[in-house]
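Presented below is the structure to which this report refers.
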Amino acid sequence: MKICAVELKSNEAIVCILGLDRGLFNVAECRARKLTLNDGTAVKPLKAFQAEFAKLVSDYKVDKVVIRERPMKGKFAGSAIGFKMEAAMQLAEGIDVEVVSGTAIKESLKRQPVDIGMKEVGLKQFQEHAFATGYAYLNMKR
């Protein structure tokens, strides 16, 4: 199974493509580490973001998109643009999307902690939460 794990932060969708094959995790090289929505008030940029994301998922033959859930209110609440980006990903034709709660991710990581650094798998530090989301999700499905 190959997934695209996503962390939404401000107007960016930080992505990490990883898979699980015969019990081994692998992190795929990806042309984009993050996708940005510059204007969240207009329809055209939102559709362009959706098309760019759908193309990425299609090109890398991703089976499922896993998005880290954000609270709707409070200190760590997601932005309006972030929720629009999430909706655009969920409504993209032919893409299987699941939103995973922070609690479920924490529980999975508690049972099977990540014991490798981001540089060792070819990722940037800002991709850590996206990777952890994907890693936790794949562990939940094993």
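No value in this document is a laboratory result; all are computed from the given coordinates. All of these numbers come straight from a predicted model, not from anything done at the bench. Virtual Cβ from ideal backbone geometry, glycine too; neighbours counted across all protein chains shown.
The dipole here belongs to the chain: it is taken about the Cα centre, uses +1 on the Cβ of Lys and Arg and -1 on the Cβ of Asp and Glu, and is about 240 debye.
Panel values: region 8-84, Kirkwood radius from alpha carbon pairs, Stokes-Einstein at 20 °C and 1.002 mPa s, translational diffusion coefficient 153 µm²/s. G82 sits among other residues whose Cβ lies under 12 Å from its own Cβ, and their net charge, with Lys and Arg +1 and Asp and Glu -1, is 0. Among the listed pairs K44/K119; K47/K75; K9/K124, a Cα-Cα separation exceeding 26 Å is found for K44/K119; K47/K75. Annotation note: chymotrypsin sites (Phe, Trp or Tyr not before Pro) in region 42-136 located in DSSP loop regions with a Cβ neighbour count of at most 10 within 10 Å are F76. Matching the structure-derived volume of the Cα convex hull per residue in Å³ against the labelled list (1) 108; (2) 136; (3) 123 gives the label (1). Relative contact order for the chain: what is it in percent, counting Cα pairs under 8 Å that are at least 6 residues apart? Worked out over the chain, it gives 31 percent. Counting Lys and Arg as +1 and Asp and Glu as -1 over every other residue whose Cβ lies under 11 Å from the Cβ of S108, the net charge comes to +4.
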